[in-house]
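Everything on this sheet refers to the single structure shown next.
The values are calculated or read from the model by the stated rules, or taken from the named source; none is laboratory data. Remember, it's a predicted structure, so these values are computed and weren't measured experimentally. Please note: Cβ atoms are built from the backbone with ideal geometry, for glycine as well, and neighbour counts cover all protein chains shown. Areas reflect the complete protein model, heavy atoms only, side chains present, ligands, DNA and RNA absent. Shrake-Rupley method; radii C 1.70, N 1.55, O 1.52, S 1.80 Å.
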Amino acid sequence: MKRLTFCFFLGAALLSSGCRSSKATLSGRFAGSRTGTIYLEQVSPLANTVIDSAVLDQEGHFRFRLSEASATPTLYNLLFEGQRIPLLIGGGDRITVDAVGSVVRNYSVSGSEESESLRRFYQNYVAGARNLDEIAARFARADLSEEERKALSKEYTAEYFRIRREQLRFIIENKSSLAAVYALYQRLPGDAYLFNGDSDVVYFRTVAEAIEKRYPDSPYLQPLLGEIARMDARISLTSQVSETGYPDLELHDIYGRKIRLSSLTGKVVLLDFWSAEAGNSNTLNAELKEIYRKYADAPTSFEVYQVALDTSKAAWISAVQEQQLPWISVSDLRGRASTAVGLYNIRKLPANFLIDKEGSIVAKDIYGRSLEEKLDLLTR
């Protein structure tokens, strides 16, 4: 598997001033391993530097002492026989790392909440990446039938998206952990982005906000905020009016899939803006669900592209699932700061725009019987 890179996770960490420093210890045992040298590597923005080494004794024990560990946990790697274990070490930590057999697959961590969180992500991610490598190796065989190739292609795709879902789930569920920052920058072979380019800003923002609350002095916070600002700038520059005449949107659904509004060209589309946190969302969606079902089999397809102007991913996903919304539900989790608000000049909620199959906006803020009458004409 290609080496996992960690772009600028430690941005400004080593240059941070006014940070308390203290001692930390790192020890453990690699049972079943032959005697060898284990290295401790410090990760910086420009390079990974080996700062210490130790020889495993006959029973596989090792020990390191850090005299100048940062008060906020920072990233180190344990290196042994070509394998890497990432750790988040802070001043005062007394971390124990034990492994039996394959070091990366079977290691455990104690004495550091952040390193244990990182272990949960890292082991699963590495295992998934190895699965992809194994499937790719089987696919490269020259003696495969066409059916076998199709089956392996399907298996690879399913595993790829499983890994992606698990990665995004870890980031959201552990957003206040520094391990989530590490997870933000991990890429599968051939991937340049976490999920879908600039739309990744949703996940960067979610983590940055949580880190700011838990670790307000973290050296990782400003680099995260800087990356978010760059993403926002690129999004602002690339937001443009589509060829069909309406401002195009490209947002993530609850599964992390990026869906473009213009991909629905040829259908009658209701672009609907709402908030899961608004008290009337259930009633409005219940009415819209009735209309949606009524036109499900219309000669001209009808679709709803519903944009949630929320900041809580949990509240949004819960509302979509609990209300069993059958249409396209998307959000950038920026609330009223969403790019979509400016593009469509949204001043209040709810709000909607009805787009005909040619891509022209033919109505605004249309509901109930008025919406049905319009759909009768457009979907025939």
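The residues of the range 170-222 expose on average 37 square angstrom of accessible surface per residue, using a 1.4 Å probe on protein heavy atoms. Computed from label points 7 Å out along Cα-Cβ, the spacing between residue 360 and residue 96 is 7.4 nm. Of the solvent-accessible surface of the chain, computed with a 1.4 Å probe over protein heavy atoms with every protein chain present, carbon and sulfur atoms account for 48 percent. Modelled spin-label separation between residue 347 and residue 255, with each label point placed 7 Å from Cα along the Cα-to-Cβ direction: 3.9 nm. Placing +1 on the Cβ of every Lys and Arg and -1 on the Cβ of every Asp and Glu, with no other charges, gives the chain a dipole of roughly 420 debye about its Cα centre. Here's the list of lysines a cross-link from residue 313 could span, going by alpha-carbon distance under 24 Å and ignoring same-chain residues fewer than 8 apart: 175, 213, 258, 289, 348.
Backbone N atoms of the range 97-112 closer than 16 Å to the 7 Å Cα→Cβ label point of residue 81 belong to residues 98-108.
Compute log10 of I(q)/I(0) for the range 273-314 with the Debye formula, placing one identical point scatterer on every Cα and leaving out solvent, at q = 0.15, 0.19, 0.24 Å⁻¹, to two decimals. The Debye formula, applied to the Cα set alone, gives -0.45, -0.65, -0.86.
Over the range 297-380, accessible surface divided per residue gives 46 Å², non-protein components excluded, 1.4 Å probe. Where the alpha-carbon atoms of the chain are placed on the principal axes, they occupy 82, 61, 35 Å, in descending order.
Kirkwood hydrodynamic radius of the range 25-151, from the reciprocal of the average inverse Cα-Cα distance over all distinct pairs: 16.2 Å.
What Kirkwood hydrodynamic radius do you get for the range 133-179 when you take the inverse of the mean 1/r over all pairs of distinct Cα atoms, in Å?
Final number for the Kirkwood radius of the range 133-179 is 12.5 Å.
For the range 159-189 versus the range 312-327, the spacing of their alpha-carbon centroids is 21 Å. For the range 52-154, the per residue solvent-accessible surface stands at 50 Å², with DNA, RNA and ligands left out and a 1.4 Å probe. Were the residues from residue 149 through residue 37 laid out at 0.36 nm apart, the gain over their Cα-Cα distance would be 36.1 nm.
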